[in-house]
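In what follows, a structure is listed as structure tokens, so that the remarks can point back to it.
The values are calculated or read from the model by the stated rules, or taken from the named source; none is laboratory data. The structure presented is a predicted model; accordingly, all values stated were derived computationally and were not measured. Surface accessibility is based on the protein's heavy atoms, side chains included, excluding ligands, DNA and RNA. Shrake-Rupley method; radii C 1.70, N 1.55, O 1.52, S 1.80 Å.
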Amino acid sequence: MALQVSFVRHRERRDRVYVTRSDGSSTGWDFPSYGDRLPHDLCHLVVEEAFGIASGFWGLVDQGVEVERIDDQATLVRHGRPLIKEPGIDFSDLMEAEEAVALLGPTAMRVEQAGALAVAHLGSTASAPSGSDDLRSPLGFALPADPSGEATASVRQRLLDLEGRWRDLRDGEAITLTYRGRS
């Protein structure tokens, strides 16, 4: 069984995500609206699935981690404690996924050096550089290994397609996706 996720668009209020994990348990949370831009967590799902990131955000959710608001921030929690306070947790997959979403997501980031400063430019997925060589970041962000560039191209196209679908959703409608990234 795979993880199923429904992202529900609510105009003029918080959007909502409903999750059924691969073990049959469920969870959900509200998140701030991104308007016509794709929800950040939806971008994570596409990126993590395409690059096979097993313990990124969605892998952790599938393993029973919850998303709760603590000090007005979305926080990953297990057994009532922030995951960051659990000893021995490896966040390397989550960091890899965050970097890929920053580079490929609907507010793709491009960084230019301006003298001693690094200037970050946020733009749409459509305006992001197309070649994988253009996706190196002075901030040290990098995409997961993709020698042929096929996964990167696939992610870009899928995000563009989903962005169009998200923009066209009426209040209360959803995009439902499946995640099979857990190994």
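Taking strands (runs of 3 or more DSSP E) as the structural unit, those lying wholly within region 1-114 and holding at least 2 residues that are open to solvent by less than 20 Å² (accessible area, probe 1.4 Å) correspond to 3-8, 15-20, 26-31. If only residues of region 148-183 that are assigned to a loop (DSSP other than H, G, I, E, B) and open to solvent by 50 Å² or more (accessible area, probe 1.4 Å) are counted, the one that is nearest to Leu104 (Cα to Cα) is Ser148.
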